[in-house]
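Participant: This structure is in structure tokens; I'll ask about it shortly.
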Amino acid sequence: QVQLVESGGGLVQPGGSLRLSCAASGNIFSINYMGWYRQAPGKQRELVATITSNSGTNYADSVKGRFTISRDNAKNTVYLQMNSLKPEDTAVYYCNSDISHLDSPARYFRYWGQGTLVTVSS
């Protein structure tokens, strides 16, 4: 079993910054794709940012220039640095990842974290 645990959410004023972390643990052979999604109340979950195994990145238009996704392979962790936060960034942020297991290294499964709440308000 693999677990993804997010941390770093909280209350921040508009224009402020937060860094989210997501650490993977358990039966891990390889981690390929890692990404962040978010879901605001009453809205659909949306993609925020992704990072590939070779560190290629992709961002939603709404966060380009403000958010930075990165990964630390030695720690099985993905980060989301969020700067210049806006009230519309308020949401539960979810980590997800494609991970293969020790007993089947070529087969990847999609895992989700339980989310961390980010509230941007003055």
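Participant: With 17 Å as the cut-off, how large is the P(r) tail for the stretch 67-122, expressed as percent of Cα-Cα pairs?
Facilitator: So the portion of pairs separated by more than 17 Å is 53 percent.
Participant: Another one. For the chain, modelled as a Gaussian network with Cα springs under 10 Å, which listed residue fluctuates most, 60, 106, 49?
Facilitator: In the Gaussian network model the winner is 106.
Participant: Another question, then. Looking at the chain only, what percent of DSSP beta bridges run antiparallel? Nearest 5 please.
Facilitator: Close to 95 percent.
Participant: Under a GNM of the chain (C-alpha, springs under 10 Å), which listed residue has the highest mean-square fluctuation: 56, 42, 26?
Facilitator: Answer for the Gaussian network model of the chain: 42.
Participant: Can I ask one more? Exposed loop sites here are trypsin sites (Lys or Arg not before Pro) in DSSP loop states with at most 12 other C-beta atoms within 10 Å. What is the longest stretch of the chain lacking them?
Facilitator: 65-122
Participant: Let me ask another. How much of residue 121 can a 1.4 Å solvent probe reach, expressed as accessible area in Å² and rounded to 10?
Facilitator: 60
Participant: I would also like to ask the following. Mind checking which lysines have their Cα closer than 18 Å to the Cα of residue 86? Skip sequence neighbours fewer than 8 apart in that chain.
Facilitator: Hits, sequence-local ones excluded: 43, 64.
Participant: While we're here: Quickly work out the residue 110-to-residue 57 label distance, labels modelled 7 Å from Cα along the C-beta direction, and quote it in nm with one decimal.
Facilitator: Going by the 7 Å Cα→Cβ label model, 2.3 nm.
Participant: Can you work out the Karplus-derived ³J(HN,Hα) for every residue in the stretch 39-51? Use 6.51 cos²θ - 1.76 cosθ + 1.60 with θ = phi - 60°, whole Hz, and x for glycine or proline.
Facilitator: Using θ = phi - 60°, the values come out as 9, 8, x, x, 10, 6, 5, 10, 6, 9, 7, 9, 9 Hz.
Participant: Of 67, 29, 109, which has the most accessible area with a 1.4 Å probe, and how do the rest follow in descending order?
Facilitator: The residues order as 29, 109, 67, largest area first.
The values are calculated or read from the model by the stated rules, or taken from the named source; none is laboratory data. Given the structure is predicted, the values throughout are model-derived calculations rather than measurements. Counting neighbours? That spans all protein chains shown, and the Cβs are built from the backbone with ideal geometry, glycine included. We work out accessible area using only protein heavy atoms, side chains counted, and drop any ligands, DNA or RNA first. Shrake-Rupley method; radii C 1.70, N 1.55, O 1.52, S 1.80 Å.
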